[in-house]
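The values are calculated or read from the model by the stated rules, or taken from the named source; none is laboratory data. Since this is a predicted model, take the numbers as computed values, not measurements. Backbone-built Cβ (ideal geometry, glycine too); neighbour counts: all protein chains shown.
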Amino acid sequence: MSAGEKLYEGKAKTLFKGEEPGTIIQYFKDDATAFNNVKKGTISGKGIINNKITELVMHRLETIGIPTHFIERISDREQLVEEAEIIPLEVIIRNIAAGSMSKKFGVEEGIRLPFPVLEYSLKNDDLGDPLIAENHIIALGFAEEEELLEIEEMAYQINDYLRGMFAGIGLELVDFKLEFGRLKIEEDEGEEGYFIVLADEFSPDNCRLWDMETGEKMDKDRFRRDLGGEVEAYQEVALRLGISLETEDK
Ligand code: TMP
């Protein structure tokens, strides 16, 4: 399938119009950025791996009843998705303290939290994706209270499922970021309604995965922290998930 008009060039993906109205093609790049674009580089083959990991995760989440925007993977680097209106929030769940949580609150990385902690950041690069409270989100109209309730329920369900899935392949799901969107549905008598779907991607770019035996980081922190071995780490996650790394293109 050939991609249509370019809609948006993101840091790790480019979005094109799909052939069918209301669809989008997500093209996964090898580009990697950190610290809001301050650090730039590439992780060779990352786009192919993240496309395939996202496909697997979205499929599995659909089987447990999470609605997603995912339709199908159409090539090594492209997947077809429904065009949802993205809610400008990064929905983060943390099982273990790490990254910005450790930095912000001065707690050691690796401390197991007594319950999964959900937090929101406003998706706004110019502002550096600031942490935002639920009251701010509702008062400023970024999302409605009912939407947040739905998002939270889905996010915790996703956490329960994915923690188990990764534990099954020897990886600890430390934390991750999700994005949600509003997907339009035609209701009776032509009235329009919408429902909330999981959107964007799920890959080692937006989660932390620690090897349960060695404690080794198997995610984008290898790039963020100049640890090296990022290509191998992404490949290892894919292989443990049973994903074939045979490629059609580069
Ligand atoms: P943080 O500890 O840097 O706040 O990151 C929490 C999780 O969110 C981590 O799994 C990485 C992911 N993340 C993104 O997907 N995009 C981002 O821009 C940032 C800062 C974090």
- Item | Answer residue from region 195-215, given it is aliphatic (A, V, I, L, M) and away from the ligand (no atom under 11 Å from the Cβ) and is farthest from LEU162 (Cα to Cα) among those | ILE196
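Kindly indicate whether any position in region 166-177 is within 11 Å of the ligand (Cβ to nearest atom), in contact with a Leu (Cβ under 6 Å, 6 or more places away or on another chain) and not small (Gly, Ala, Ser). Step through it out loud before you land on a result.
Let us first name the residues in region 166-177 that are within 11 Å of the ligand (Cβ to nearest atom), namely 173-177.
Those left that are additionally in contact with a Leu (Cβ under 6 Å, 6 or more places away or on another chain): 173.
Narrowing the set further to residues that are not small (Gly, Ala, Ser) leaves 173.
Yes, that holds for at least one residue.
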- Checking GLU119 against (1) among the acidic types (Asp, Glu); (2) more than 12 Å from the ligand (Cβ to nearest atom); (3) touching a residue at least 12 places away in the same chain (Cβ under 8 Å), which single condition isn't satisfied? (2)
- Message: I'd like the residue in region 216-250 that is away from the ligand (no atom under 16 Å from the Cβ) and of a type in the set (Ser, Thr, Tyr) and, out of all such residues, is nearest to THR42 (Cα to Cα).
- Response: THR247
- Pairs, first at pLDDT below 95 in region 185-208, second not in a strand (DSSP E or B), C-beta under 8 Å, six or more apart: GLY193/GLU187
- Message: For VAL107, only one of the following conditions fails: (1) over 15 Å from ILE93 (Cβ atoms); (2) touching a strand residue (DSSP E or B) at 6+ places or on another chain (Cβ under 8 Å); (3) surrounded by fewer than 16 Cβ atoms within 10 Å (Cβ to Cβ). What is its number?
- Response: (2)
- What is the one condition in (1) over 17 Å from GLY41 (Cα atoms); (2) not in a loop (DSSP other than H, G, I, E, B) that GLU213 does not satisfy? (2)
- Which strands (runs of 3 or more DSSP E) sit wholly inside region 1-112 and have at least 1 residues that are more than 29 Å from THR247 (Cα to Cα), touching a Gly at 6+ places or on another chain (Cβ under 9 Å) and within 16 Å of the ligand (Cβ to nearest atom)? 89-96
- Task: Could you list all residues from region 62-88 that are of a type in the set (A, V, I, L, M, F, W, C) and touching a helix residue (DSSP H, G or I) at 6+ places or on another chain (Cβ under 6 Å)?
- Result: ILE64, ILE66, PHE70
